[in-house]
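Okay, here's the structure, questions in a sec.
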Amino acid sequence: MERWANWEINNFEYLMELNTLAGRSYNDITQYPVFPWVVADYKSRVLNLDDPLSYRDLSKPIGALNPERLKKFQERYSTFEDPIIPKFHYGSHYSSAGTVLYYLFRVEPFTTLSIQLQDGKFDHADRMFSDLSGTWDSVLEDMSDVKELVPEMFYLPEVFTNINGIDFGTTQLGGKLDSVELPPWAENHVDFVHKHRKALESEHVSAHLHEWIDLIFGYKQRGKEAIMANNVFFYITYEGTVDIDKITNPVDRRATQDQIAYFGQTPSQLLTVPHMKRKPLAEVLQLQTIFRNPSELKSYVLPHSDRCNVPASAMLVSNDSIVVVDVNAPAAHVALHQWQANTPDGQGTPFLFHHGRNSTNSTSGALMRIFKGSAGSAEDYGFPRAIAFAASAIRSSAVVAVTCDKEIITGGHVDGSLKLISLDGAKTIETASGHIAPVTCLALSPDSNYLVTGSRDTTVILWRIHQTGSSHKKNAQEPPPTTPTTPRSPLSGSTSTMSSLSETKRRRVEGPMHVMRGHLGEVTCCSVSPDLGLVASSSNATGILLHSLRTGRLIRRLDVDEAHAICLSSQGIILVWNGTKKTLSTFTVNGLPIANSVLLPFSGQVSCIEISTDGHFALFGTSLFNNYKCDNSTETGDHELGPNGTDDVSKNSEQSVHAPSICFVDLHTLKVNIKNFDSPSFSFVLPSPEKFL
């Protein structure tokens with residue numbers, strides 16, 4: 001509760017936790033999670049989330065939102081007299097098996113359950129979910145309709161579309177029931193879900209959600225407070241009001257059980273006192289981020305930027321240090337910069353670096369400064385030092401990543417192996433084999449517990465990284481993937497060999513956990529997300545493939561011809577960069593397109609991409625260098641035309657981006673907020689640590 005009040009978890013997550021505590025579950029259609037109607041405007045062409053009139057009154061139950069209808073409910077309550085049945089306002093319920101199937105019958109398994117509920121056929125088309133505006137009008141006016149919503153309305157656009165092409169019947173007006181008719185302010189089903197979720201997470205809903213919680217889970221659920229709030233339902237829907245074991249007549253017992261199961265159940269009461277309010281957003285310091293205050297964004301350029309070994313191949317930023325890996329020939333350099341916060345005085349930078357130290361016990365070879373200058377100068381001494389790896393440890397062609405333990409994972413070796421290398425001393429901690437050709441790309445999960453690698457041999461391999469220290473302890477409760485169902489690579493060793501090795505010494509790089517197939521050419525980029533349970537990978541020959549992290553099986557192929565970078569958001573969004581066409585694209589995990597944007601004029605490349613921890617935003621950097629093969633039309637800002645000679649992307653999706661720059665992107669709209677640099681110098685842009693670190 002306090003975490004929600006402090007904005008540490010969002011409204012959706014908190015409502016799901018309350019539903020779980022109250023006995024609601026996705027596994028029980030008769031006690032399904034219940035969510036509130038939050039939007040009241042389904043007529044306007046633009047949804048104004050800053051206008052309180054756009055929202056439903058969360059202090060009242062659905063049945064009390066229409067004053068005229070409420071009078072009838074109150075009259076029913078006051079005139080009802082029965083020696084056995086207590087008084088009630090509403091004979092129907094806001095959450096029942098019928099309500100769940102009403103909203104979700106377009107997707108399985110609810111399609112089959114809907115047929116079963118109606119004795120082998122669908123309900124009449126006029127009574128099925130066809131129009132959001134009409135459904136909202138019904139819950140405001142119909143005396144038997146007081147239903148709330150289900151969680152899928154805030155994250156699953158497929159429930160609004162007839163993706164399986166099922167014949168749901170014909171209405172009395174002769175129209176075929178197909179996809180749900182959306183309000184005018186929604187461009188499509190994906191856009192509706194995005195705006196609907198945005199409304200749920202808005203400041204207005206956050207300020208009043210505790211009032212709805214009081215009605216459904218709290219002190220206004222029963223007793224005098226429920227009567228005063230016009231929130232009394234038929235007695236049999238409440239927990240503990242009926243003892244099934246005391247009903248001796250089998251017919252009456254069955255009838256009571258069916259009524260409880262199919263006509264609605266009130267969640268378990270969690271609170272008997274008013275629920276605490278959520279803090280105003282302005283009082284929550286950790287949410288004062290660059291995305292809420294883009295005007296506060298400022299870049300800081302380090303002095304003597306010409307001495308930096310840039311560009312970096314990999315970088316890890318923590319609260320107290322930066323690890324930079326540079327694979328420029330003839331040898332790779334790795335720098336560990338210790339830093340601390342500093343109040344800017346308007347002259348320098350808002351942080352301080354600690355000086356590097358010589359290590360007399362180091363066995364890694366000579367130490368070099370990452371900032372190169374004349375030896376022995378007092379000015380040069382002020383720059384941090386860096387460890388210089390031998391050429392045999394990390395070659396100039398290597399692909400690298402830095403774990404949360406500040407250890408380095410390298411690929412690109414001719415034998416197809418992976419190497420885990422310590423930060424101090426360039427010591428190779430472990431070597432893992434699985435591919436039969438060099439690794440061409442690799443990516444770590446945000447918690448560094450999983451590693452995915454792509455290779456020239458067309459395979460993608462999932463590995464488990466066992467961390468040391470606090471990072472591993474924090475994630476120790478996360479279960480490993482199930483036993484791999486795909487064959488191991490010939491170089492991965494036999495099962496008995498791996499078992500005996502794990503018995504004698506636990507490997508830091510465990511795997512291959514899964515060998516994922518489907519590509520017909522060299523894998524160019526990859527990404528892994530434990531939150532989504534997905535592994536994404538791309539090749540020019542096949543496009544983007546999505547595999548299950550748990551089973552290793554192929555889930556689907558995205559309709560994308562080419563990708564030079566893929567990122568997975570915790571919100572179920574896939575971000576794709578096409579360096580040839582200069583396009584950013586986003587998709588749902590089910591392959592539905594969300595947005596597309598062409599970066600023009602742009603002759604450079606997107607050199608790095610990071611997704612924010614909340615999953616709604618991305619940060620990417622651009623550079624002048626371009627190593628993608630493309631024709632002259634692409635370089636000058638032209639892009640391919642569709643089959644009818646029209647642009648694939650509308651004009652309003654074209655955005656001007658220059659290099660070098662750092663860009664902040666909303667993943668739902670792909671609108672870019674750009675910070676340009678006058679020169680390709682070594683610069684720092686300071687976002688919120690809670691968003692990116």
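When both residues are 6+ apart or on different chains and their Cβ atoms are under 6 Å apart, which pairs have a first residue that lies in the stretch 215-231 and is in the same structural domain as Thr272 (by TED's automatic domain parsing) and farther than 22 Å from Lys147 by Cβ, and a second that is acidic (Asp, Glu) and surrounded by fewer than 23 Cβ atoms within 10 Å (Cβ to Cβ)?
The qualifying pairs are Tyr219/Glu225.
Out of Phe105, Phe80, Phe73, which single residue is free of Cβ contacts under 8 Å to residues at least 12 places away in the same chain, over 24 Å from Lys198 (Cβ atoms) and of a type in the set (Phe, Trp, Tyr)?
Phe80
Would a scan of the stretch 189-206 turn up a residue that is in contact with a strand residue (DSSP E or B) (Cβ under 9 Å, 6 or more places away or on another chain) and of a type in the set (D, E, K, R)?
Taking every residue of the stretch 189-206 in turn, at least one turns out to be in contact with a strand residue (DSSP E or B) (Cβ under 9 Å, 6 or more places away or on another chain) and of a type in the set (D, E, K, R).
Would you check which residues across the stretch 131-145 are in a loop (DSSP other than H, G, I, E, B) and either more than 29 Å from Thr20 (Cα to Cα) or modelled with pLDDT of 95 or more (or both) and list them?
Answer for the stretch 131-145, where residues must be in a loop (DSSP other than H, G, I, E, B) and either more than 29 Å from Thr20 (Cα to Cα) or modelled with pLDDT of 95 or more (or both): Asp142, Met143.
Yes/no matrix, rows are residues, columns are (1) closer than 20 Å to Gly98 by Cα; (2) assigned to a loop (DSSP other than H, G, I, E, B); (3) in the same structural domain as Ile227 (by TED's automatic domain parsing):
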site	(1), (2), (3)
Trp7	no, yes, yes
Asn27	yes, yes, yes
Tyr42	no, yes, yes
Ser59	no, yes, yes
Lys72	no, no, yes
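Now for a different question. Which of the residues spanning the stretch 121-174 are within 33 Å of the chain's Cα centre (by Cα) and small (Gly, Ala, Ser)?
Hits for the stretch 121-174 are Ser130, Ser133, Gly134, Gly165.
A further question follows. Across the stretch 232-288, which residue is nearest to Glu2 (Cα to Cα) among those that are assigned to a helix (DSSP H, G or I) and acidic (Asp, Glu)?
Result: Glu283.
Consider the stretch 9-25. How many of its residues are not polar (S, T, N, Q) and not in a loop (DSSP other than H, G, I, E, B)?
Total meeting the criteria: 8.
Something else now. Please name all residue pairs, on different chains or six or more residues apart, with Cβ atoms under 8 Å, provided the first residue is in the stretch 243-262 and is in the same structural domain as Leu101 (by TED's automatic domain parsing) and the second residue is among the polar types (S, T, N, Q) and in a helix (DSSP H, G or I).
Between residues of the stretch 243-262 that are in the same structural domain as Leu101 (by TED's automatic domain parsing) and residues that are among the polar types (S, T, N, Q) and in a helix (DSSP H, G or I), the close pairs are Ile244/Thr256; Ile244/Gln257; Ile247/Thr256; Ile260/Thr30; Ile260/Thr237; Ala261/Thr30; Tyr262/Thr30.
Then there is this: With the condition kept exactly as written, say whether any residue in the stretch 588-608 is outside the structural domain of Gly412 (by TED's automatic domain parsing), assigned to a loop (DSSP other than H, G, I, E, B), more than 23 Å from Tyr155 (Cβ to Cβ) and hydrophobic (A, V, I, L, M, F, W, C).
yes
Moving on. Scanning for something buried (at least 19 other Cβ atoms within 10 Å of the Cβ), farther than 30 Å from Asn230 by Cα, within 29 Å of the chain's Cα centre (by Cα) and not polar (S, T, N, Q), does the stretch 94-102 turn up at least one residue?
no
Here are Thr428, Thr403: which of them is under 26 Å from the mean Cα position of the chain (by Cα), among the polar types (S, T, N, Q) and at pLDDT below 85?
Going through Thr428, Thr403 in turn, the sole match is Thr403.
Moving to a separate point now. Only one residue in Tyr155, Tyr77, Tyr94 is of a type in the set (Ser, Thr, Tyr) and in contact with a Pro (Cβ under 8 Å, 6 or more places away or on another chain). Which one?
Matching residue, one of Tyr155, Tyr77, Tyr94: Tyr94.
Any residue at all in the stretch 209-228 that is charged (D, E, K, R), surrounded by 21 or more Cβ atoms within 10 Å (Cβ to Cβ) and outside any helix (DSSP H, G or I)?
There is at least one residue in the stretch 209-228 that is charged (D, E, K, R), surrounded by 21 or more Cβ atoms within 10 Å (Cβ to Cβ) and outside any helix (DSSP H, G or I).
When you go through Ala199, Ala186 one by one, which is the residue that is under 25 Å from the mean Cα position of the chain (by Cα) and not in a helix (DSSP H, G or I)? Full working, then the answer.
Working: Ala199 fails: not in a helix (DSSP H, G or I).
Result: Ala186 is the single residue among Ala199, Ala186 that is under 25 Å from the mean Cα position of the chain (by Cα) and not in a helix (DSSP H, G or I).
When the residues of the stretch 3-15 are filtered to those that are of a type outside the set (Phe, Trp, Tyr) and buried (at least 17 other Cβ atoms within 10 Å of the Cβ), which remaining residue is farthest from the chain's Cα centre (by Cα)?
It comes out as Ala5.
For the stretch 85-130, enumerate the residues that are closer than 27 Å to Tyr235 by Cα, of a type outside the set (A, V, I, L, M) and part of a loop (DSSP other than H, G, I, E, B).
Across the stretch 85-130, the qualifying residues are Pro86, Lys87, Phe88, His89, Gly91, Ser92, His93, Tyr94, Ser95, Ser96, Gln118.
Identify the residue in the stretch 276-297 that is out of contact with any Phe, Trp or Tyr (no Cβ under 8 Å at 6 or more places or on another chain) and modelled with pLDDT of 80 or more and, among all such residues, is farthest from Ala97 (Cα to Cα).
Result: Pro280.
Looking at this structure, is Arg550 within 22 Å of Ser445 (Cα to Cα) and either within 16 Å of the chain's Cα centre (by Cα) or at pLDDT 90 or above (or both)?
yes
Then there's this: Restricting the search to the stretch 548-591, which residues are surrounded by fewer than 17 Cβ atoms within 10 Å (Cβ to Cβ) and among the polar types (S, T, N, Q)?
Answer for the stretch 548-591, where residues must be surrounded by fewer than 17 Cβ atoms within 10 Å (Cβ to Cβ) and among the polar types (S, T, N, Q): Ser570, Asn590.
Which of the residues belonging to the stretch 507-538 are under 21 Å from Val606 (Cβ atoms), surrounded by fewer than 24 Cβ atoms within 10 Å (Cβ to Cβ) and in contact with a His (Cβ under 8 Å, 6 or more places away or on another chain)?
Thr524, Cys525, listed by residue number.
The values are calculated or read from the model by the stated rules, or taken from the named source; none is laboratory data. Just so it is clear, the model here is predicted, and its values are computed rather than measured. FYI the Cβ positions are ideal-geometry reconstructions off the backbone, even for glycines, and counts take in every protein chain you see.
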